[in-house]
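Heads up, the thing below is written out as structure tokens.
The values are calculated or read from the model by the stated rules, or taken from the named source; none is laboratory data. Bear in mind that the values here come from a model prediction, so they are computed numbers and not experimental data. In this analysis, Cβ positions are derived from the backbone assuming ideal geometry, glycine residues included, and neighbour counts consider all displayed protein chains. All accessible areas refer to the heavy atoms of the entire protein, side chains included, with ligands and DNA or RNA removed. Shrake-Rupley method; radii C 1.70, N 1.55, O 1.52, S 1.80 Å.
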Amino acid sequence: MRFPNGWVGGAALIAGPVLLLVGTLLRSPFHYFFPDQLKALHEHPELVRAAYTAFLAGNVVMWAAVAHVVQRIGTRWAAWGGVLVTVGLFARTFHAGVDQAAFNATEQLGVERATALVAGGYGELHLFSALSFTIVSGWFVLAFAAYRAKTFGLVRSVALATAGLLPLGVLKGTEPLSVVGTAGLCVALVPSGVQVLRELPRPTRRNVLTAVPVALGLGALAVLSTLG
């Protein structure tokens, strides 16, 4: 059995790009630099947290989408592109953790003190400082691999490459290139997700009956996890 399988990969090809686009659009009313993002959190906490949560969820889901695309292309260039993109997804997840800490500081200390705190450590070096290039370069390599192997046509390959234009770093809001990059991912990957899911055999009754308790169990574990 391949991992991720068709159900996981197909769903990720749809959900990942869509969540990234939703998160990008939700925080588009606010200036992209971090002082404005913290101010926006103070003034519109539900909207900003929803935006960052959607973007983080999409970023995490994208690992399965990328793995599925790499398997489908099946070339050395695709493998290298997949490695670079996946490391870049790890880096963005790390940035999201720092975002969360900054948001908590804003709620506890206020906007001015939290802004000063973030500004004081904004240039601190860490592991992903040296790996930031993967956030950008991976998408270009993967798009080249998809086009070279004729897995994607020119339009969808270019659309996939636009993901490399997404701004990177801590507390980055939405710029025009953010919309271009996330919309490009939707153009490149969502049709593949729909095709993959349509080609899969319909779930049997046994599959459904098995999936329901598993989903309920995972939901219960998710709730318990928030209590610790």
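The lone criterion from (1) crowded, with 23+ Cβ neighbours inside 10 Å; (2) within 14 Å of the chain's Cα centre (by Cα); (3) more than 18 Å from C186 (Cβ to Cβ); (4) of a type in the set (S, T, N, Q) left unmet by Q37 is number (2).
With the condition kept exactly as written, say whether any residue in region 92-99 is without any contact (Cβ under 8 Å) to a residue 60 or more places away in the chain, assigned to a helix (DSSP H, G or I) and of a type in the set (S, T, N, Q). Yes, there is a match, as at least one residue in region 92-99 is without any contact (Cβ under 8 Å) to a residue 60 or more places away in the chain, assigned to a helix (DSSP H, G or I) and of a type in the set (S, T, N, Q). Pairing residues of region 30-43 that are part of a helix (DSSP H, G or I) with residues that are surrounded by 15 or more Cβ atoms within 10 Å (Cβ to Cβ) and polar (S, T, N, Q), at Cβ distances under 7 Å and at least 6 apart in sequence or on separate chains, gives P35/T115; L38/T106; L38/T115; L41/T106; H42/T106.
Of the candidates V61, V85, the single residue that is more than 10 Å from the chain's Cα centre (by Cα), in a helix (DSSP H, G or I) and at pLDDT 95 or above is V85. What number of residues within region 187-211 are closer than 21 Å to A146 by Cβ and surrounded by fewer than 18 Cβ atoms within 10 Å (Cβ to Cβ)? So the answer is 7.
Going by the structure shown, is T24 touching a residue at least 60 places away in the same chain (Cβ under 8 Å), buried (at least 23 other Cβ atoms within 10 Å of the Cβ) and among the hydroxyl-bearing types (S, T, Y)? Yes; evaluated as a whole, the condition is true for this residue. Pairs are defined by a Cβ separation below 6 Å, a sequence spacing of at least 6 or placement on different chains, a first member in region 142-153 that is farther than 12 Å from G82 by Cβ and touching a residue at least 40 places away in the same chain (Cβ under 8 Å), and a second member that is surrounded by fewer than 19 Cβ atoms within 10 Å (Cβ to Cβ) and basic (K, R); the pairs so defined are T151/R72. Filtering region 148-186 to residues that are more than 18 Å from the chain's Cα centre (by Cα) and open to solvent by less than 50 Å² (accessible area, probe 1.4 Å) leaves A149, T151, F152, G153, S157.
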